[in-house]
Amino acid sequence: MHKINETFCKKAEAPEKGNKVYRDTEVTGFGLRVTAAGARAFVLNYTIHGRERRKTIGAFPTWSAAAAREEAKRLRRQVDQGIDPLAEEQELRKAPRLSDLYDEYERVHLPTLSKRGAQDQKSMWRKHILPKLGTTLVRDLSSRQIDDLHAEVTKTGPTRANRVLESLRKALNLAVRWGWIDANPANGFKKNREDARERHLSETEYKKVFDALNRMPNQQAANAIRLLALTGARRSEVLTMEWKDLDLELGLWNRPPEKSKDRKPKRITISNAAVSCLLDMRKSAEHGFVFPTSKGTPMPDLKRPWAWLKKETGITDLRIHDLRHSFASLLISSGETLETIGKLLGHSQHQTTLRYAHLMDDPMRRAAEQVAHHLSSGDFAK
């Protein structure tokens, strides 16, 4: 046995092969392990629950002999209390990190989303969450770390920051459900203010849009935009439309669950104008996607045609999703109920359609004005 100090650690001879442990004269089980290659590390041998164990404290000279001896004493006290230092270390090594949580989230939850929704969530995790928190133990994740992440993403986009935290909170809810943690540290985060933007086309703007669509060089894209306006559907739903999903005789669009945002099948009634547009396209179409590329895959986007349309019409602030808002606005102005509007838009929850309820004020105001005009013009009002 030897007095394990700095001088001894430097001079201890290396074995010809394998490793050799030099025992300390003061702390039971404490020693210096030296390998044939000359590497030196402090270790602690102990017995707990009838089992012999060896824990590596740290390498020399990163750890000094004095610091390693104090750590060995601390570990010996744990052993005397029935605590196995190695078991704690092994448990820590096995504890899931945020990267592990994402792997399960991607496997379990993302398949329940639309293809576009799943891709968006993958992007948020890989761009924002994993680079900052990926190596953090799920059980150690704090609300402060989550708030810091939210503040960091907010610098690039307030609304995006809210979406990132919502995705993280959903994943942590699953971690609670699976017993990884007891409470969700993302609950109660303060969302950034989101000003909803609902742009509705006027009658004049609609005329400009449809006149421009007749002149658009890419008529396949023009037809896609026409259907967006005539159905109020989402861009991804129209671009992935297949002929097999359509019953043009009955004017129905049987949208399968994988092509709906909420992953539920939809039976959508489409107008005669939309049917007429599709029938014209059907004359020269093959089986498959309604808007195919040369490779037979669905048209990926409408970025260039939409940019051309905005320039051609001069409506520079128009977004593709505004066609959906305008569709709902026209339905409300025509006196349709929120239930009917929700079905035509493919909403599965009534609360989603309620966002358009405020638009009902206009037709009701017009109706009230008509009554007022009738009363004020009658003889009894004099």
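The values are calculated or read from the model by the stated rules, or taken from the named source; none is laboratory data. Bear in mind the structure is a predicted one, so any value in this text is a computation, not a measurement. Here the Cβ is made from the backbone with ideal geometry for all residues, glycine too, and neighbour counts use every protein chain on show. These area figures cover heavy atoms from the full protein model, side chains too; ligands, DNA and RNA do not enter into them. Shrake-Rupley method; radii C 1.70, N 1.55, O 1.52, S 1.80 Å.
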Residue list for region 224-241, filter: in a loop (DSSP other than H, G, I, E, B) and over 23 Å from the mean Cα position of the chain (by Cα): G232, M241
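Kindly check whether there is at least one residue in region 92-103 that is closer than 30 Å to P256 by Cβ and either in contact (Cβ under 8 Å) with a residue 12 or more places away in the chain or in a helix (DSSP H, G or I) (or both). Working first, answer last.
First pass over region 92-103, keeping only residues closer than 30 Å to P256 by Cβ: 102-103.
Narrowing further to those that are either in contact (Cβ under 8 Å) with a residue 12 or more places away in the chain or in a helix (DSSP H, G or I) (or both): 102-103.
Checked against the condition, which is being closer than 30 Å to P256 by Cβ and either in contact (Cβ under 8 Å) with a residue 12 or more places away in the chain or in a helix (DSSP H, G or I) (or both), region 92-103 yields at least one hit.
Which of the following residues is within 30 Å of E16 (Cα to Cα), in contact (Cβ under 8 Å) with a residue 24 or more places away in the chain, open to solvent by less than 70 Å² (accessible area, probe 1.4 Å) and not in a loop (DSSP other than H, G, I, E, B): R33, R69, R76? Walk me through how you get there before you give the answer.
Details: R33 fails: in contact (Cβ under 8 Å) with a residue 24 or more places away in the chain; R76 fails: within 30 Å of E16 (Cα to Cα).
Checking each option against the conditions leaves just R69.
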Any hit, region 189-203, residues being open to solvent by less than 20 Å² (accessible area, probe 1.4 Å), more than 16 Å from the chain's Cα centre (by Cα) and under 30 Å from M281 (Cβ atoms): yes
Top-ranked residue in region 137-148 [being in a helix (DSSP H, G or I) and more than 11 Å from A186 (Cα to Cα); ranked as least open to solvent (accessible area, probe 1.4 Å)]: V138
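Among the residues of region 6-20, is there at least one that is of a type in the set (A, V, I, L, M, F, W, C), in a loop (DSSP other than H, G, I, E, B) and exposed (fewer than 14 other Cβ atoms within 10 Å of the Cβ)?
The initial filter retains those residues of region 6-20 that are of a type in the set (A, V, I, L, M, F, W, C), namely 8-9, 12, 14.
Add one more test, that the residue is in a loop (DSSP other than H, G, I, E, B), and what stays is 12, 14.
In the following step, the residues that additionally are exposed (fewer than 14 other Cβ atoms within 10 Å of the Cβ) were identified as none.
No: region 6-20 contains no residue that is of a type in the set (A, V, I, L, M, F, W, C), in a loop (DSSP other than H, G, I, E, B) and exposed (fewer than 14 other Cβ atoms within 10 Å of the Cβ).
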Hits in region 272-287 - residues which are open to solvent by less than 60 Å² (accessible area, probe 1.4 Å) and in a loop (DSSP other than H, G, I, E, B): A285
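Does E152 fit the bill of being in a helix (DSSP H, G or I), open to solvent by 70 Å² or more (accessible area, probe 1.4 Å) and within 26 Å of E194 (Cβ to Cβ)? Reasoning before the result, please.
On the way: in a helix (DSSP H, G or I): yes; open to solvent by 70 Å² or more (accessible area, probe 1.4 Å): yes; within 26 Å of E194 (Cβ to Cβ): yes.
Criteria met by E152.
Could you say which residue among K244, K311 is assigned to a helix (DSSP H, G or I), over 22 Å from L113 (Cα atoms) and without any contact (Cβ under 8 Å) to a residue 40 or more places away in the chain?
After ruling out the rest, the residue left standing is K311.
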Residue in region 294-301 that is under 27 Å from K207 (Cα atoms) and without any contact (Cβ under 8 Å) to a residue 12 or more places away in the chain present: no
Search result, residues across region 210-255 that are among the basic types (K, R) and closer than 18 Å to S276 by Cβ: R226
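Please work out which residue is nearest to A222 (Cα to Cα), limiting yourself to region 247-271 and to residues that are open to solvent by less than 10 Å² (accessible area, probe 1.4 Å) and in a loop (DSSP other than H, G, I, E, B).
Filtering region 247-271 down to residues open to solvent by less than 10 Å² (accessible area, probe 1.4 Å) leaves 251, 253, 255, 260, 268.
So of that shortlist, the ones also in a loop (DSSP other than H, G, I, E, B) come out as 251, 260.
Working: G251: 21, S260: 22 Å.
So the residue we want is G251.
Here's a check for you: in region 82-107, which residue that is of a type in the set (A, V, I, L, M) and modelled with pLDDT under 90 is farthest from the chain's Cα centre (by Cα)?
I83
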Within region 36-50, tally of residues that are loosely packed, with under 13 Cβ neighbours inside 10 Å, over 21 Å from E16 (Cα atoms) and within 47 Å of the chain's Cα centre (by Cα): 1
Residues located in region 206-217, provided they are open to solvent by 10 Å² or more (accessible area, probe 1.4 Å) and touching a Lys or Arg at 6+ places or on another chain (Cβ under 8 Å): F210
